[in-house]
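Scroll down for the structure; my scribbles are underneath it.
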Ligand code: HEM
């Protein structure tokens, strides 16, 4: 997938678009750092994680160690509203990228499953 979509620049664009949505979202914005440098660092962490997950260089693990994503999300209350908002912005970002139908479907299926996996709070 990493090679098919054009490598790191694809994920750079994807995370930029996604984080624009996050910054403007009343449900999600309060969870993320308000400091612009820290907010950008959060985007860069997601960028390198996705690069690694989809078959690119392992920069994420070299810099951050094992992803342990559920554990890293434990400080944040993530219920259905947060999951749905996160997924809506990511779905919009993926759709805007103009992937082939098969790649788009594979990516959206992954984000649906991983967003559900990150939920840690009951209604
Ligand atoms: C379900 C809703 C989700 C919410 C509300 C959420 C929220 C957050 C927040 C608040 C942070 C911390 C930002 C910071 O302070 O640096 C974060 C980090 C991160 N998230 Fe999520 N997230 C969600 C789902 C996901 C999913 C599905 C993935 C992966 C596919 C993901 C990947 C990451 C990564 C890689 C980091 C950085 C971890 C690190 O190295 O510190 N998140 N997320």
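Count of segment 71-113 residues, restricted to those that are within 19 Å of residue 27 (Cα to Cα) and either in contact (Cβ under 8 Å) with a residue 12 or more places away in the chain or more than 10 Å from the ligand (Cβ to nearest atom) (or both), is 21.
A quick yes/no check of all residues on (1) on the phi > 0 side of the Ramachandran plot; (2) modelled with pLDDT under 95; (3) surrounded by 15 or more Cβ atoms within 10 Å (Cβ to Cβ); (4) not in a helix (DSSP H, G or I):
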| residue | (1), (2), (3), (4) |
| --- | --- |
| 46 | no, no, yes, no |
| 56 | no, no, yes, yes |
| 78 | no, no, yes, yes |
| 84 | no, no, no, no |
| 92 | no, no, no, no |
| 103 | no, no, yes, no |
| 107 | no, no, yes, no |
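For segment 14-28, name all the residues that are more than 10 Å from the ligand (Cβ to nearest atom) and farther than 17 Å from residue 93 by Cα. Scanning segment 14-28 gives a single hit, 26. Among the numbered conditions (1) more than 15 Å from the chain's Cα centre (by Cα); (2) within 11 Å of the ligand (Cβ to nearest atom); (3) over 20 Å from residue 9 (Cβ atoms), the only one that residue 116 does not meet is (1). Considering only residues that are near the ligand (Cβ under 9 Å from one of its atoms), in contact with a helix residue (DSSP H, G or I) (Cβ under 6 Å, 6 or more places away or on another chain) and under 19 Å from residue 89 (Cβ atoms), which ones fall in segment 49-70? Matches in segment 49-70: 49, 50. If the condition is being assigned to a helix (DSSP H, G or I) and within 13 Å of the chain's Cα centre (by Cα), then segment 11-38 contributes 11, 12, 13, 14, 15, 16, 17, 18, 19, 20, 21, 22.
The values are calculated or read from the model by the stated rules, or taken from the named source; none is laboratory data. Values in this document were obtained by computation on a predicted structure and should not be read as measured data. For neighbour counting, all protein chains shown are included, and Cβ atoms are generated from backbone atoms with ideal geometry for every residue, glycine included.
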